[in-house]
Amino acid sequence: MVSNQIEGRILKSNRGSFFFAEDFVNLGTSENIRQILSRLVKEGVLDRVAPGIYLKSKKDPILGIIHPNLDEIAREIAKRDKARITPTGVMALYLLGLTTQIPLKVVYLTDGSPREIKIGNRAIKFKNAAPKNFAIKDNMLQLVVQAFKEVGHKELNAVFLERIKPTVAKIDKNVFDNQLRYTAVWIQKEVYKLYK
């Protein structure tokens, strides 16, 4: 029975696992799958993150349900779509610990389909980008580059440079030598100054 197969797969999974309605397409009609997943949400087995996206939430004895952050959700969607993504703007600053503010709409560059996904009162926007935006393979360096872009050349200041310096120091020298050249010259110069 379709219901038992879907439920069995979900119950055997670890807490923190994401499920997409299309994960179960080989088991039944989309309407049937949607009804089963909706029932599991009502029964508290799953949480509905966004249309077609479900989560078997982690639970903490004190904090209760632990909700994933927008970056975790974005990465799960990218994994499903076999797409590359990179956070931009304020999200890059947030992931580097340079701001505590999470924007209501986070923007990711992607080589997959452009779209916007609503998550409660927030949104994840996937913006189509040229392959050159993914030439930097190292996640930390990619975040550093995006943080510099967000601040901008003209607005660059000593406070920002001082705060991002410890992150830059953690990046492997080989990564710099091989990947930094794929970004703007002004960012290369600033990052090298910090690295030295």
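The values are calculated or read from the model by the stated rules, or taken from the named source; none is laboratory data. Values in this document were obtained by computation on a predicted structure and should not be read as measured data. Here the Cβ positions follow ideal geometry from the backbone for every residue, glycine too, while neighbour counts run over all protein chains shown. For the accessible areas, the whole protein counts, side chains as well, though only heavy atoms, and no ligand, DNA or RNA atoms are used. Shrake-Rupley method; radii C 1.70, N 1.55, O 1.52, S 1.80 Å.
Only one residue in Ala50, Ala92, Ala21 is surrounded by 14 or more Cβ atoms within 10 Å (Cβ to Cβ) and in contact with a Gly (Cβ under 7 Å, 6 or more places away or on another chain), so which one is that?
Numbers: Ala50 fails: in contact with a Gly (Cβ under 7 Å, 6 or more places away or on another chain); Ala92 fails: in contact with a Gly (Cβ under 7 Å, 6 or more places away or on another chain).
The unique qualifying residue is Ala21.
When Glu155, Glu162, Glu150 are checked against the criterion of being part of a helix (DSSP H, G or I), open to solvent by 60 Å² or more (accessible area, probe 1.4 Å), among the acidic types (Asp, Glu) and closer than 16 Å to Gly89 by Cβ, a single residue qualifies: Glu150. Scan region 122-148 for residues that are closer than 21 Å to Pro68 by Cα, touching a residue at least 40 places away in the same chain (Cβ under 8 Å) and among the charged types (D, E, K, R) and the total you get is 1. Residue pairs whose Cβ atoms lie under 6 Å apart, separated by 6 or more positions or on different chains, with the first residue in region 173-190 and closer than 15 Å to Gly152 by Cβ and the second part of a helix (DSSP H, G or I) and of a type in the set (S, T, N, Q), do not occur.
Within region 35-51, identify whether any single residue is under 23 Å from the mean Cα position of the chain (by Cα) and over 28 Å from Thr88 (Cα atoms), and answer yes or no. Yes - at least one qualifying residue is present in region 35-51. The set of residues from region 112-137 being within 11 Å of Thr86 (Cβ to Cβ) and in contact with a helix residue (DSSP H, G or I) (Cβ under 6 Å, 6 or more places away or on another chain) comprises Ala135, Ile136.
In this entry, Ile62 passes the filter for residues that are open to solvent by 100 Å² or more (accessible area, probe 1.4 Å), aliphatic (A, V, I, L, M) and either part of a loop (DSSP other than H, G, I, E, B) or under 30 Å from Ala135 (Cα atoms) (or both).
Provide a single number: the residues in region 108-147 that are in a helix (DSSP H, G or I) and charged (D, E, K, R). Residues that pass the stated criteria total 1. The set of residues in region 11-55 being closer than 18 Å to Lys79 by Cβ, in a helix (DSSP H, G or I), touching a residue at least 12 places away in the same chain (Cβ under 8 Å) and among the β-branched types (Val, Ile, Thr) is empty. Here Lys137, Lys82, Lys118, Lys132 are screened, and the one residue that is surrounded by fewer than 14 Cβ atoms within 10 Å (Cβ to Cβ), more than 28 Å from Ser38 (Cβ to Cβ) and at pLDDT 90 or above is Lys137.
Checked against (1) open to solvent by less than 30 Å² (accessible area, probe 1.4 Å); (2) modelled with pLDDT of 90 or more, Gly8 passes all but a single condition, namely (2).
Inclusion of Val168 among residues that are touching a residue at least 24 places away in the same chain (Cβ under 8 Å), within 23 Å of the chain's Cα centre (by Cα) and crowded, with 17+ Cβ neighbours inside 10 Å is warranted. Checked across region 103-114, the condition of being open to solvent by 40 Å² or more (accessible area, probe 1.4 Å), among the polar types (S, T, N, Q) and under 24 Å from Ile136 (Cα atoms) holds for at least one residue.
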